[in-house]
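Read the structure below first, then the notes.
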Amino acid sequence: MQDPVALVTGANRGIGREVSRQLAQHSYTILLTARSLPKAEAAAQELGGSNLIPAQLDVTNPASIAALHDRVQHEFKRLDVLINNAAIHYDTWQRAVNADLDVVQEALETNVYGPWRLCQTFLPLLRQSLHPRIVNVSSGGGALNGMGGGTPAYSISKAALNALTLMLAAELRGEKILVNAVCPGWVATDMGGWGGFFRDGQPIPW
């Protein structure tokens, strides 16, 4: 059997980079994507796996998505795993009552419409896989049962991504395409910042 093929968005840093590294260790062929091809190439070179293939992808640009689809179609004829990781605007400086709606729109374009476009575009290739998977990297910040004020662009976009995940999961269940959303928790990335070690919500020594 051929190695499974995974596409990871926003993979030049943070969670996407680490997901790519770990999948590569499990014999996946990884399309490691970033908005900038040089950044994708640098990340792939630093990680050092021969099965890490750098690729340019702007999830807000339909032409960029279509170009990558054509490449995957030509080189692999299928896609086994789509990981929608790319996200922007953890807007801790905003409140819903006075939010800059241009910032909210930017967040929706990347965090919701981006994954949605990717799913629609790559669905024919996922259907060619024996075990197709879609993983949307979401956040507890998008959970309605715990939502309060603050971070409106991020939280609303992740709530919408969770809703999209439920819809796609229901619609694709009959085709045995598994669709999940995951919350990685607080991670020391450029977006998340430095974290800590906690028990019952309180920091403890580590």
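Check MET147 against each of (1) at pLDDT below 95; (2) within 18 Å of the chain's Cα centre (by Cα) and name the one condition it does not meet.
(2)
What do you reckon, is ASN98 more than 21 Å from the chain's Cα centre (by Cα) and among the polar types (S, T, N, Q)? Lay out the reasoning, then the answer.
On the way: more than 21 Å from the chain's Cα centre (by Cα): yes; among the polar types (S, T, N, Q): yes.
Taking the combined requirement at face value, the residue satisfies it.
Taking the conditions exactly as written (touching a Lys or Arg at 6+ places or on another chain (Cβ under 6 Å) and closer than 19 Å to ILE134 by Cα), does ALA11 satisfy them or not? Talk me through it step by step, then tell me what you get.
Values: touching a Lys or Arg at 6+ places or on another chain (Cβ under 6 Å): yes; closer than 19 Å to ILE134 by Cα: yes.
Criteria met by ALA11.
So is SER139 surrounded by 14 or more Cβ atoms within 10 Å (Cβ to Cβ), closer than 26 Å to ASP102 by Cβ and of a type in the set (S, T, N, Q) or not? Write out each step before concluding.
Working: surrounded by 14 or more Cβ atoms within 10 Å (Cβ to Cβ): yes; closer than 26 Å to ASP102 by Cβ: yes; of a type in the set (S, T, N, Q): yes.
Yes: the conditions hold for SER139.
State all residues of region 68-106 that are of a type in the set (Gly, Ala, Ser) and touching a Lys or Arg at 6+ places or on another chain (Cβ under 9 Å); if no residue qualifies, say none.
Restricting attention to region 68-106, the residues satisfying the condition of being of a type in the set (Gly, Ala, Ser) are 86-87, 96, 99.
Within region 68-106, ALA86, ALA87 meet the criteria.
The values are calculated or read from the model by the stated rules, or taken from the named source; none is laboratory data. Just so it is clear, the structure is predicted and the values come from calculations on it, not from any experiment. All Cβ positions, glycine included, derive from the backbone under ideal geometry; neighbour counts span all protein chains shown.
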